Amino acid sequence: MQKEGRIPNVKIIDELKQRGIKEVYIDTSRGIDEEDALTQHEVEQQNQNKLNRAAQLNMESAGSVSVEEELFRAHKLQSKAKGIMTSVLSDVKFGKPLETEGFDDLADGMIDSVIRNHNALACLGRIREKDNYLMEHSINLAVLMGIFAKAMKIDRETMHQAMVGALLHDIGKIMVPDNILHKPGKLDDNEFARMKQHVVFSRDLLKNTPGIHPLTVNVAAQHHERIDGSGYPEGLTGCQICREGKMVAITDVYDAITADRCYHKGLTPTSALKKLLEWSGSHLEESLVHMFIRSMGIYPVGSLVLMESGRLAVVIETSEKDQARPIVRVIYHTRLKQFIRTEIIDLSKAASQDSIKSSVDPEKWKIKISDFLN
């Protein structure tokens, strides 16, 4: 996650290294640049080129039904998930044992929805409420793991356990003091150490719960591990982290950096994918990052994009034919500076004369993406 701040001395540099941070961007208006370092523009261009190459890969079929057909069932699943998660978080907070009843049915329902058309649950995952981050992040993570696992052609049982692990990965945060969990500013070293304990709390709670599969425990225990050993709580490296642990690390970062929080503005989905590319090979498994991008599309569902025509559109469904030409809902004209009659266009079809120029930040145009996803 990208954060800004002043680095006044070597001590701060050492602290950053201990946290696994190996590179920083320099604001050249406030500090001396490194002569041989890449500029931020050059890094972004490299990542854009990688995304463009990913656009040439064929995607998995979206599924057997349209996103409109699947949205009704996805809404019911999401409501069910929120009810289960609210109950479980409340129970754990008050010292009651973790009841996993309901999670198996929920995961099965999510898998079926992802197989029918993963874009429906992906749409709902872009509709967020800041006050419910812990619950919504856990549900979104399970959906992202399902989409990722589908693209990886992972068997249903493994997908099931990985998704349950994603739903419960942050359950240990209930045991972190609220003043640390919801602190708007930077955590000091002691607070950061307390925050990192949430992974241990999650792991131990799941380990001591009857009926929990070992893979579910691993997904929760390894979501903050990094392949270069800079993660926590165990500092695992490479092959010490299971495949699903590496996958959940990628999806966890992606969902976290695209969410608006009290201490940072969420990135657009496409910008977040570029960040994953930037961090791949060191923190994140590069081949898995590429596969995750393939599963999401280079313009993921919920992206606001600027068309060559000057219109703005919201991506509502990825295209299996061409990642650069998804299905969009056109909503606004930038030259007229006004909302226009909405229209759904499949950019991959020959009849479409328009194409995507770039992804843009909805805040710039004062557009609320969630208004156009349902």
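For (1) under 22 Å from H118 (Cβ atoms); (2) over 12 Å from the mean Cα position of the chain (by Cα), each residue gets a yes or a no:
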| residue | (1), (2) |
| --- | --- |
| A256 | yes, no |
| A259 | yes, no |
| A272 | yes, no |
| S282 | no, yes |
| H290 | yes, yes |
| E308 | no, yes |
| A313 | yes, yes |
| D322 | yes, yes |
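Considered as a group, the residues in segment 83-110 that are touching a residue at least 24 places away in the same chain (Cβ under 8 Å) and outside any helix (DSSP H, G or I) include one that is surrounded by the most Cβ atoms within 10 Å (Cβ to Cβ), and that residue is T100.
Given the condition under 18 Å from G125 (Cβ atoms), of a type in the set (S, T, N, Q) and assigned by TED's automatic domain parsing to the domain that holds E101, answer yes or no: does some residue in segment 237-259 qualify? Yes, segment 237-259 contains a residue that is under 18 Å from G125 (Cβ atoms), of a type in the set (S, T, N, Q) and assigned by TED's automatic domain parsing to the domain that holds E101.
Looking across I367, I293, I298, I331, one residue alone is in contact (Cβ under 8 Å) with a residue 12 or more places away in the chain and assigned to a strand (DSSP E or B). It is I331.
The criterion of being in the same structural domain as G245 (by TED's automatic domain parsing) and more than 16 Å from G245 (Cα to Cα) holds for H137. Scanning segment 51-82 for residues that are surrounded by fewer than 13 Cβ atoms within 10 Å (Cβ to Cβ) and modelled with pLDDT of 95 or more yields a total of 2. Of the residues A272, A256, A193, the single one that is touching a His at 6+ places or on another chain (Cβ under 9 Å) and of a type outside the set (D, E) is A256. Among the residues examined, G266 qualifies as touching a helix residue (DSSP H, G or I) at 6+ places or on another chain (Cβ under 9 Å), free of Cβ contacts under 8 Å to residues at least 40 places away in the same chain and surrounded by 16 or more Cβ atoms within 10 Å (Cβ to Cβ). When H223 is tested against (1) outside any loop (DSSP other than H, G, I, E, B); (2) farther than 20 Å from E44 by Cβ; (3) not hydroxyl-bearing (S, T, Y), exactly one condition is not met: (1).
The values are calculated or read from the model by the stated rules, or taken from the named source; none is laboratory data. A quick note: this is a predicted structure, and the numbers were derived from the prediction, not measured. So basically every Cβ, Gly included, is an ideal-geometry build from the backbone, and we count neighbours across all protein chains shown.
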